[in-house]
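The structure under discussion appears below in the form of structure tokens.
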Amino acid sequence: MASKTPVGFIGLGNMGNPMAKNLVKHGYPVIAYDVFPEACKEFQDLGAQVMDSPADVAERADRIITMLPSSPNAKEVYTGANGILKKVKKGSLLIDSSTIDPAVSKELAKAVEKMGAVFMDAPVSGGVGAARAGNLTFMVGGVEQEFDAAKELLTCMGSNVVYCGEVGTGQAAKICNNMLLAISMIGTAEAMNLGIRLGLDPKLLAKILNMSSGRCWSSDTYNPVPGVMEGVPSANNYQGGFGTTLMAKDLGLAQISATNTKTPVPLGSQAHQIYRMMCAKGYALKDFSAVFQFLREEETL
């Protein structure tokens with residue numbers, strides 16, 4: 001228990017909440033902050049200390065994990081008027097599990113380094129279910145000598161912790177994964193919709209896909225058709241899970257990176273447009289697998 005010194009956790013949303021709870025389960029005292037005070041109430045009840053700002057967290061903890069929605073949020077939490085860097089201690093380890101632009105991760109790493117602390121990007125894959133179960137995949141970028149220190153905390157929340165290279169490479173792996181996920185989810189939704197239109201029972205079609213060459217995570221673990229699988233957002237009116245607005249954001253990051261590296265991503269671009277249209281048509285807060293529902297509504301066009 002000697003190593004169980006307090007850990008700061010900033011950002012207690014859909015993903016951050018179960019991640020921080022897993023740290024508590026592993027015996028780490030958590031020092032918490034969220035921009036929405038009501039998100040912290042549960043953690044107070046679990047015995048966590050709740051702070052008024054990211055700076056206050058940095059004053060009390062020399063290991064901090066951040067889980068934030070976007071690049072501007074991350075910049076504010078690290079470099080804002082009441083940000084971590086206002087009171088960060090020398091030698092602190094700062095791990096950002098947000099999914100943000102790799103260029104922003106590099107920018108934050110430089111600012112953190114100037115303060116004598118260490119920054120690592122460690123975005124996650126697996127969604128809310130994996131966050132609750134503690135079997136997320138972490139993709140980690142940063143100084144390799146610090147990887148073991150980061151891994152000690154990350155293995156409390158994930159079953160796979162992979163070192164990817166310098167700062168920003170964790171983000172690079174994440175946005176490539178999510179671009180592929182978006183493309184495969186749209187493909188699964190299209191195939192399922194066509195099969196249903198052709199008179200196939202959706203459960204039977206899913207079973208066939210999952211024993212055939214079309215099988216993918218979107219078909220066998222997170223099927224987008226209501227009634228095919230239990231315990232997934234499609235079985236709960238697309239509530240929970242990974243929001244359409246967040247998928248649109250991640251696809252936007254992929255587009256920026258593709259432009260910067262002159263990489264052709266025609267299907268990634270199309271997926272980005274589809275998820276942006278979904279946001280504009282009232283699907284922003286639904287799980288990204290609601291693309292099936294969106295395609296059903298659009299099919300009369």
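The values are calculated or read from the model by the stated rules, or taken from the named source; none is laboratory data. Predicted model, so just to flag it, every value in this text is computed and none were measured. A quick note on method: Cβ atoms are made from the backbone with ideal geometry, for glycine too, and the neighbour counts reach across all protein chains shown. Note: accessible area is taken over every heavy atom of the protein model, side chains too, but ligands, DNA and RNA are not part of it. Shrake-Rupley method; radii C 1.70, N 1.55, O 1.52, S 1.80 Å.
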Just for strands (runs of 3 or more DSSP E) wholly inside the range 5-67: which have at least 1 residues that are among the small types (Gly, Ala, Ser)? 7-10, 30-33
Please specify each residue of the range 250-266 satisfying the condition of being closer than 23 Å to Gly126 by Cβ and either open to solvent by 40 Å² or more (accessible area, probe 1.4 Å) or without any contact (Cβ under 8 Å) to a residue 60 or more places away in the chain (or both). Gly252
Which count do you get for residues in the range 89-107 that are closer than 16 Å to Tyr33 by Cβ, buried (at least 24 other Cβ atoms within 10 Å of the Cβ) and out of contact with any Leu (no Cβ under 6 Å at 6 or more places or on another chain)? 4
I'd like the residue in the range 138-158 that is open to solvent by 40 Å² or more (accessible area, probe 1.4 Å) and under 18 Å from the mean Cα position of the chain (by Cα) and, out of all such residues, is farthest from Asn17 (Cα to Cα). Lys151
Among the listed residues Gly214, Gly240, which satisfies the condition of being open to solvent by less than 50 Å² (accessible area, probe 1.4 Å) and modelled with pLDDT under 95? Gly240
Would the range 56-63 turn up any residue that is closer than 19 Å to Val124 by Cα and either at pLDDT 95 or above or in the same structural domain as Asp101 (by TED's automatic domain parsing) (or both)? yes
One residue from Ala109, Ala189, Ala133, Ala150 being over 30 Å from Glu59 (Cβ atoms) and in the same structural domain as Ala58 (by TED's automatic domain parsing): Ala133
